[in-house]
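Working notes, structure below.
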Amino acid sequence: MSKCVRSILQLAIFWVATSYLAAGIFLAPMITGREPRGQQLLSYALLGALAVVVFGSMGGEYAGVFGWIQRGWSWFGNQGFTFLDLGRFWQILLTVGLFFWVAILLRGLRNKLRTEHGGNMPWLFFFAALAIPAFYAVGLLVRTDSTFTTTDFWRFWVVHLWVEDFLELFTTVMVAYIFVLLGVVHQRVALRLIYLDIVLYSTGGVIGTMHHLYFSGEPAVHMALGAFFSAAEVIPLTFLTLEAWSFLQLGAQQGAQARTPFPHFWSVMFLAAVGFWNFLGAGVFGFLINLPIVSYYEIGTALTANHAHAAMMGVYGMLAAGLALFCLRYMVPEKLWSDRAAKISFWSLNLGLVWMVFATLFPLGLIQLYHSVSVSYFDARSLKFISGHANSVLEWLRLPGDALFIVGGTLPILYLCWLGVARMKPQTPREVPDGVLFTEIQETKFGG
């Protein structure tokens, strides 16, 4: 079971990374108003390289965990590090691919960057994108022949700084820029929010990293600082949630005043859900397990899984879905677009995730924590306790939420993706006058 979980986690990271790459390339010409020649070929080259890394690394991981690779398993199979399971060869290729993605963005943004101040949104968009490969590359310092303390230190640079700081920052920049392009919020408001998040996320992210290093022999003061600042991350998450709600209200007002229906309502709903799950999954559930004395008894139990599910899917998963709908809205012909499919997907994904969390993971984590304190941490993580009758019932109670999540949540988005690919007609890139925001969808004639 654990072997499958490792591969699924790596696949989830690939899925999130792919959504970021695609949305970044899609947004670049919207930001600048034009697209340089050759971007399409470079994008297809990146897609092909990403496919090689994904299928190659997943196959290598599968072969590695089952011992089919006897020599060079850490290079082409499985390194055995959570979030860095893929073989080192594939890890290097992925890092190179991420830098190649930044080069594509720079090529599309360079004319705009020349005319903008370094502190404005186009530069912040580029810097936030550059931080993604830069801090993922830190994972190359993780080595299978090094000590546990050194290895775990650099691994958590990826787990915490890359995932919980710079991906969060790029999330904020992307969401803010999309709202600006939609005319939902003024650029000045979005810029202030981004700077606020840079200060709060970086403070909580950098110092808060230390709360992960519980078993690495670090001083107690490091644990205290790490726990405090990591728990304090709930502050910017609260601001982000309130801003997301404000964005949603502004979008509803714009839709009521417009002559045509607001075309990106469900994209905005998904982006608002990012703020909600940021607060609940990463903020509240993260706070519950971050304090040192709690971590001592619960780390690696269902409370950790509860935080991980709500934060990973709730933040990055919902963002990926929102970005997909935003892009697909421009690709699918108006007469074929289905707001109903988007609505079903939104409520199914969110309600399914709520069911997973509150019907199974959270109560199971509380039971496990109580058993850990009253009996022992070892016994609470034993197979005998985990497979007990009460825990098994809670595990089965998760099934309705999983079914709703998979059937109602993913299938409608896959249907819209199929429409975007099958019904899209290649368009000749056109320049857009500066200052024009994409607030409405222009109906395009498609056909053979």
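Some observations on this one:
- Residue in the range 422-444 that is within 30 Å of the chain's Cα centre (by Cα), at pLDDT 70 or above, within 24 Å of residue 30 (Cβ to Cβ) and assigned to a loop (DSSP other than H, G, I, E, B) present: yes
- Any hit, the range 313-329, residues being within 27 Å of residue 17 (Cβ to Cβ) and among the aromatic types (Phe, Trp, Tyr): yes
- Helices (runs of 4 or more DSSP H) fully within the range 268-374 that include at least 1 residues being small (Gly, Ala, Ser) and in contact (Cβ under 8 Å) with a residue 60 or more places away in the chain: 292-298, 302-311, 318-331, 339-356, 362-374.
- Any hit, the range 227-242, residues being surrounded by fewer than 16 Cβ atoms within 10 Å (Cβ to Cβ), of a type in the set (Phe, Trp, Tyr) and modelled with pLDDT of 75 or more: no
- Pick from the range 43-81, criterion β-branched (Val, Ile, Thr) and either in contact (Cβ under 8 Å) with a residue 40 or more places away in the chain or assigned to a helix (DSSP H, G or I) (or both), ranking: surrounded by the fewest Cβ atoms within 10 Å (Cβ to Cβ): 52
- Residue pairs whose Cβ atoms lie under 9 Å apart, sitting 6 or more positions apart in sequence or on different chains, and linking a residue in the range 21-33 that is on the phi > 0 side of the Ramachandran plot to a partner that is in a helix (DSSP H, G or I) and of a type in the set (D, E, K, R), are 33/112.
- Of all the numbered requirements in (1) in a helix (DSSP H, G or I); (2) in contact (Cβ under 8 Å) with a residue 60 or more places away in the chain, residue 137 misses one, and that requirement is (2).
- Residue match in the range 131-151 (condition: more than 14 Å from residue 81 (Cα to Cα) and of a type in the set (D, E, K, R)): no
- Qualifying residues in the range 102-115 (those that are over 12 Å from residue 39 (Cβ atoms) and surrounded by 15 or more Cβ atoms within 10 Å (Cβ to Cβ)) - the one modelled with the highest pLDDT: 102
The values are calculated or read from the model by the stated rules, or taken from the named source; none is laboratory data. Just so we're clear, the structure is a prediction, and the values are computed from it rather than from any experiment. Don't worry about glycine lacking a Cβ; one is built from the backbone with ideal geometry, like all the others, and counts go over all protein chains shown.
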